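Enquirer: Sharing a structure below in C-alpha cells format, with a few things to ask.
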Amino acid sequence: MRRFSKLACICALFLLAVPFSAYASSNDSFSNVSLVGTSGTVSGLFTFNSATKSFSGLSLTFAGGVFNGDNASNGGGKAICALGFCGYSWKTQLANGAWVSDTIILNLKTGQYRDFGGIYNGRTGGDFRYLSVPEGGTELAYLLLSGFAILSGILISGKRRRTVCAAQIS
C-alpha cells in the first residue's frame, strides 16, 4: 500500500507541475507582422494589469512601405471584461493625417491575446492581425519537468525490476 501512495504523490506532483510552465510567462508584444493591403510591417506593445483590469503603454510602430517610421501610442484605460476575456480598442490620428486603430482581446485563463487593427491615410491603408501563441514558460520549468519525468521513469522501472526478481526467486 505504501508503494502506491508514493506513486500517487509523484503523479499528483507531476500533474501540478505541468500547468506551471504554461502560465510562467505572458507575451505583451509582437513584431514584424505584415500589413495586408499595403507593404510594410507593424510591431506593437502593451501592458495589462490583471488586478485593475486595465491596459496601458499601448504603442504601434510601422516599418517599410508608405507608413515607414509612423508611430502611434495610447495611454490605455479600463478594459471591458466578460466571460474570461478582456478587450480594449483605441483610435488615433497621426500628425501626417493617417488614422490608426487597434483592438486587443485577452484571454484571462491562458494569457493568449489577439491584436488587430490598421492604418489608413486616404485611399492607402493596411490591416494587421496577430494571435499570440503561449510560450510555455522558462527553460528552467522545462528542465524541471524533464528531470521529473526521467526520475519518475527510473523509480517506476526500479520497482518493476524488484517485483520481477522477487517473483523469479520464489
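Read-outs: derived from the displayed coordinates by stated rules, not from any lab. Keep in mind that what you see is a predicted model, and the values were worked out from it rather than measured. Don't worry about glycine lacking a Cβ; one is built from the backbone with ideal geometry, like all the others, and counts go over all protein chains shown.
Enquirer: Obtain the nm distance between the two label points defined at residue 81 and residue 36 by a simple spin-label model: each point lies 7 Å from its Cα along the Cα-to-C-beta direction.
Expert: Result: 3.0 nm between the two label points.
Enquirer: Continuing with the same structure: What do you get for Rg/Rh over segment 26-131 if you use C-alpha atoms and the Kirkwood form of Rh? Intermediate values should be presented prior to the final figure.
Expert: Details: Rg = 13.6 Å, Rh = 13.9 Å.
So for segment 26-131, dividing Rg by the Kirkwood Rh gives 0.98.
Enquirer: Whole-Hz ³J(HN,Hα) for each residue in segment 114-124, computed from phi via Karplus 6.51 cos²θ - 1.76 cosθ + 1.60 with θ = phi - 60°, x for glycine and proline: what do you get?
Expert: 10, 10, 9, x, x, 9, 9, 9, x, 8, 8
Enquirer: Residue-wise, which Karplus ³J(HN,Hα) couplings in Hz belong to segment 101-108, taking 6.51 cos²θ - 1.76 cosθ + 1.60, θ = phi - 60°, and x for glycine or proline?
Expert: So the Karplus estimates, Gly and Pro as x, are 10, 8, 9, 10, 10, 10, 8, 5 Hz.
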